[in-house]
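Everything on this sheet refers to the single structure shown next.
The values are calculated or read from the model by the stated rules, or taken from the named source; none is laboratory data. Being a predicted model, the structure only gives us computed values, none of them experimental. When we count neighbours, we look across all protein chains shown, and the Cβ atoms used for this are built from the backbone with ideal geometry, even at glycine. The accessibility values were calculated without ligands, DNA or RNA, using every heavy atom of the protein model including side chains. Shrake-Rupley method; radii C 1.70, N 1.55, O 1.52, S 1.80 Å.
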Amino acid sequence: MDRSQFQQLYTDFAPDLYRMALAITGRRELAKDALQETFLRVYRFSSTYDSNQPVKPWLYRILINECRRLQKKEARSFPSNGLEIEQSTPSREPFSDVMDAVSKLPETYRVPLLLKYLDGWKEYEIADLLSVNVNTLKSRLAKARELMRESYGEGV
């Protein structure tokens, strides 16, 4: 991958990947770090990428793994003792309360929900990305919606 191809890849995918990283981690700094690490890995390992495969799932798989790695690293470094590291401030942004509810979901439910409803992925694409059966994915999405209804209300 040459520099112009890499730059085009970054231009095309960075905003969506950042939004997903922010939704997964819930913190801007972690999301920025995950995005940076994702593109570093993409650049370093571009020779291992199978160009016959779509690039989007490859990028998201790397991003999700980076988010997990950074969250684990941070949890080991800064035990929170029940305190939130980043205080949430009241927001006038629409859907901020919905995203708060999504951020409280376990990762098993949060990631598929975000991929489907935030980024518009098809269920079979999500199942392939997460290496699960489509029926398992559908069950996780149903459970995620149920948990959202419990925490956010019936309007979800």
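Check ASP50 against each of (1) closer than 17 Å to SER103 by Cα; (2) open to solvent by 40 Å² or more (accessible area, probe 1.4 Å); (3) not aromatic (Phe, Trp, Tyr) and name the one condition it does not meet.
Every condition holds for ASP50 apart from (1).
Cβ-Cβ below 6 Å, separation at least six or inter-chain, first residue in the range 19-31 and open to solvent by 40 Å² or more (accessible area, probe 1.4 Å), second modelled with pLDDT of 90 or more: which pairs?
Once the first residue is open to solvent by 40 Å² or more (accessible area, probe 1.4 Å) and sits in the range 19-31, its partners that are modelled with pLDDT of 90 or more give LEU22/ALA31.
Write out, first by first residue and then by second, each pair whose Cβ atoms fall under 9 Å of each other, whose residues are 6+ apart or on separate chains, and whose first residue, in the range 108-135, is farther than 16 Å from GLU66 by Cα and assigned to a loop (DSSP other than H, G, I, E, B) while the second is of a type in the set (Ser, Thr, Tyr) and open to solvent by less than 40 Å² (accessible area, probe 1.4 Å).
Pairs that qualify, where the first residue is farther than 16 Å from GLU66 by Cα and assigned to a loop (DSSP other than H, G, I, E, B) and the partner is of a type in the set (Ser, Thr, Tyr) and open to solvent by less than 40 Å² (accessible area, probe 1.4 Å), are ASP119/TYR60; TRP121/TYR60.
Can you find a residue that is open to solvent by 30 Å² or more (accessible area, probe 1.4 Å) and modelled with pLDDT of 90 or more anywhere in the range 76-98?
Within the range 76-98, not a single residue is open to solvent by 30 Å² or more (accessible area, probe 1.4 Å) and modelled with pLDDT of 90 or more.
Considering each of ASP50, ASP12 in turn, give the residue that is of a type in the set (D, E, K, R) and either in a helix (DSSP H, G or I) or in contact with a Ser or Thr (Cβ under 7 Å, 6 or more places away or on another chain) (or both).
Step by step, each of ASP50, ASP12 is checked, and only ASP12 is of a type in the set (D, E, K, R) and either in a helix (DSSP H, G or I) or in contact with a Ser or Thr (Cβ under 7 Å, 6 or more places away or on another chain) (or both).
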